[in-house]
Amino acid sequence: MYTQGLSNPDTAAPAKAAEGAGLAARFQERVDAEERIEANDWMPDAYRRTLTRQISQHAHSEIIGMLPEGNWVTRAPTLRRKATLLAKVQDEAGHGLYLYAAAETLGRSREEMFDDLLSGKAKYSSIFNYPTLTWADMGAIGWLVDGAAIMNQIPLCRCSYGPYARAMIRVCKEESFHQRQGYEIMVALCRGTPEQKAMAQDALNRWYWPCLMMFGPPDGDSTHSDQSTRWKIKRFSNDELRQKFLDALVPQTEFLGLTLPDADLRFELGEGDATKDGARGHWRHGSINWDEFRQVLAGNGPCNRERIAARRRAHKEGAWVREAAAAYAAKQAKQKLAA
Amino acid sequence: MATTSIQVNETPLVLYLLRRADDALILGHRLSEWIGLGPILEEEMALGNIGLDLIGQARSLYAYAAEAEAAGNDEDTFAYLRDAPQYRNLLLAEQPNGDFGQTMVRQLFYSAFADPYWRAMTASGDATLAAVAAKSEKESAYHLRHSSEWVIRLGDGTQESHARVQEAVDVLWPYTGEMFECDAAERTLADGRTVIDPAPLRDAWDGTIGAVLSRATLTLPQNGWMQSGGRTGRHSEHLGHLLSTMQHVQRTYPGAAW
Ligand SMILES: [Fe+2]
Ligand SMILES: [Fe+2]
Ligand SMILES: [Fe+2]
């Protein structure tokens with residue numbers, strides 16, 4: 001940076017612009033050729049900003065996502081369920097750490113990103129602003145929320161940015177394990193007493209629509225999509241991913257003997273992944289209440305305040321621990337120097 | 001009625017297994033309460049990992065207790081359908097988390113015992129117990145290392161952390177004596193070489209704790225009075241609240257499978 005100040009800006013600027021255009025073209029060629037961009041490679045500032053935002057938001061989602069399930073670890077109904085739920089929440093913490101590390105390769109520190117989360121500046125997935133009210137929510141979250149996350153994340157394993165793509169490969173393996181665990185909880189409830197089955201249906205009623213919203217606004221309204229597609233960060237549109245999710249969801253719901261809370265759900269014949277009575281096509285959902293989605297994003301979901309407040313409280317109450325660890329490390333370093 | 005607590009035929013072996021399983025479950029449950037509350041993410045994960053190890057140990061021990069009792073109980077009826085007076089865990093294990101320092105001191109006190117205890121138990125004449133011990137010993141060694149490091153860091157960190165962790169040592173100290181008790185029931189098992197008498201482990205424990213506290217610039221409490229009663233079901237007020245949370249779903253939907 002300082003050395004650039006030595007050259008005359010008037011003559012340097014056009015040369016730099018030309019150089020920049022060449023770099024940008026070369027960058028896009030590499031992306032088009034499906035090459036992975038690595039941390040030290042040249043990349044457009046906007047690409048860096050977009051990825052930093054997306055990866056850190058993803059990391060925040062993992063961390064905030066620990067809370068709704070953490071809410072049931074102490075009340076899990078069997079020791080096996082308790083252990084698997086605790087392990088799942090651990091996995092999510094690991095995903096968060098892994099993703100913060102991937103985001104850090106783009107230049108921002110984990111502390112800065114985490115501060116953005118605590119201050120409310122950074123966003124995280126809208127889904128975690130809904131409450132977990134019964135044990136069945138542990139089934140519904142694993143089945144639906146982790147299921148939706150997988151739909152979103154499998155294409156990200158081929159994201160043009162290498163560190164993010166590699167993080168996603170590891171994360172996706174664990175997410176599909178979570179999804180199976182969640183579904184298994186639902187199976188147990190649906191084979192159980194009428195009360196348990198009602199609990200499962202109630203959870204599905206509450207999580208279905210918010211999960212459809214997880215894929216983001218419909219394709220016409222999405223602001224970041226076009227550029228992200230050119231950069232091969234995004235491989236499928238929001239609506240395409242939502243469709244894949246729904247096509248997988250309907251037969252799973254039928255197997256459970258549950259009903260999706262969607263009066264307008266229908267099967268449309270045509271080219272499609274889903275099948276019904278041997279015919280190909282797609283399941284179509286009813287209209288999504290996007291106003292609810294916007295309200296949750298704006299901070300007005302049922303649990304927005306609690307989620308952030310919980311993380312702020314933990315951060316504040318842990319300050320003395322972090323300070324002590326830093327002070328101890330400093331003392332140790334000093335002693336080593338003296339020795 | 002499915003809502004009532006189970007009755008357990010506490011032969012010396014069953015009683016022994018429930019005691020050790022309850023220690024691990026109750027302490028593991030306490031650690032699981034840290035989710036979302038940790039001072040740093042790495043520590044939230046570490047506490048969860050230790051909790052998972054302990055819950056795993058509890059499950060192995062309950063499974064053996066079920067087999068030994070042969071009365072149709074299983075790990076879940078033991079965990080979810082006994083009321084506080086039927087629980088046999090150490091008072092130490094049920095003490096509240098307090099702040100992070102208190103949680104780490106509680107872990108240190110327990111793990112400094114569990115580590116040599118399970119190592120010695122690998123020589124048990126009972127093959128099942130020896131196998132549980134072999135696994136628990138490895139896990140306890142990590143728990144001990146992790147909690148020691150934190151107690152040292154906090155004790156020799158800032159003025160505030162020193163004061164907090166010294167307070168935790170003082171508060172928890174009276175619950176450490178119970179670990180070394182050996183009643184008549186356990187004595188018969190020790191005589192048969194199924195289990196070991198924990199009393200002789202006291203010296204090793206004192207040595208470990210003394211070394212950690214000294215590196216942490218902390219002092220041992222002068223008061224030697226020790227609380228006990230957990231092994232016979234006389235608990236502190238805290239256990240009932242823990243169980244009311246833990247057992248809530250099982251007790252609300254009696255007889256349901258999950
Ligand atoms: Fe995750
Ligand atoms: Fe995720
Ligand atoms: Fe997950």
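Values for this structure:
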item	result
The protein assembly as shown - percent of accessible surface contributed by carbon and sulfur, probe 1.4 Å	54
Shape category assigned to chain A from the gyration tensor of Cα positions, a/c cut at 1.5	oblate
Most mobile of A:Lys316, A:Lys232, A:Lys244 in a GNM of chain A (Cα contacts under 10 Å)	A:Lys316
Shape of the protein assembly as shown, Cα gyration tensor, a/c cut at 1.5	oblate
Most fluctuating residue given options B:Tyr175, B:Tyr142, B:Tyr62, as computed from a GNM of chain B linking Cα atoms under 10 Å	B:Tyr142
Relative contact order computed over the stretch B:12-252 (Cα-Cα under 8 Å; 6+ residues apart), in percent	26
Share of Cα-Cα pairs in the stretch A:206-339 lying beyond 17 Å, as whole percent	73
Surface accessible to a 1.4 Å probe, B:His248 within the full protein complex, Å²	80
Shielding by other protein chains, A:309-316, mean Cβ within 10 Å	2
Residues whose placed amide H lies under 5 Å from that of A:Tyr161, excluding near-sequence neighbours	A:Ile37
Distance (nanometres) between label positions extended 7 Å along Cα→Cβ at B:Ala134 and A:Thr229	5.9
The stretch B:12-252 - accessible surface per residue (Å², probe 1.4 Å)	36
Within chain A: Cβ-based charge dipole about Cα centre, in debye rounded to nearest 20 (Lys, Arg +1; Asp, Glu -1)	1240
Karplus (6.51, -1.76, 1.60) ³J(HN,Hα), θ = phi - 60°, over the stretch A:230-239, in Hz, Gly and Pro reported as x	4, 7, 6, 8, 10, 9, 10, 6, 3, 5
Listing of the stretch B:54-85 residues, each with accessible area lower by at least 40 Å² in the full protein assembly than in the chain alone (probe 1.4 Å)	B:Ile55, B:Arg59, B:Tyr80
Modelled FRET efficiency - R0 45 Å, A:Asn40 with A:Leu269, Cβ distances, 0.05 increments	0.30
Net dipole in debye of the stretch B:12-252 [+1 Lys, Arg Cβ; -1 Asp, Glu Cβ; about Cα centre; nearest 20]	180
Solvent exposure of chain A as accessible area per residue, Å², 1.4 Å probe	47
Cα gyration tensor shape for the stretch A:19-58, rounded if a/c is under 1.5, else prolate or oblate	prolate
In sequence order, calculated HN-Hα J values of the stretch A:137-154 (Karplus, 6.51, -1.76, 1.60; Hz; x Gly/Pro)	5, 5, x, 5, 5, x, 5, 8, 6, 5, x, 5, 4, 5, 4, 5, 8, 4
Under-5 Å amide H pairs with A:Gly272, H placed in peptide plane, nonlocal only	A:Gly281
Computed Rg/Rh of the stretch B:12-252, alpha carbon atoms with Kirkwood Rh	0.95
Leading residue at positive end of dipole, the protein assembly as shown (Cβ point charges), from B:Ile209, B:Val171, A:Trp207	B:Ile209
Charge-dipole axis of the stretch B:44-136 as Lys and Arg at +1 and Asp and Glu at -1 on Cβ define it, positive-most pick from B:Gly51, B:Thr77, B:Phe100	B:Phe100
Over 30 Å between alpha carbons, listed pairs A:Lys121/A:Lys197; A:Lys123/A:Lys232; A:Lys197/A:Lys244; A:Lys316/B:Lys138; A:Lys232/A:Lys276	A:Lys121/A:Lys197; A:Lys316/B:Lys138; A:Lys232/A:Lys276
Amide H contacts under 5 Å for B:Val195, placed H, 5+ residues apart	B:Ala190
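The values are calculated or read from the model by the stated rules, or taken from the named source; none is laboratory data. All values reported here derive from a predicted model rather than from experimental measurement. Please note: Cβ atoms are built from the backbone with ideal geometry, for glycine as well, and neighbour counts cover all protein chains shown. With ligands, DNA and RNA removed, areas are computed over all heavy atoms of the protein, side chains included. Shrake-Rupley method; radii C 1.70, N 1.55, O 1.52, S 1.80 Å.
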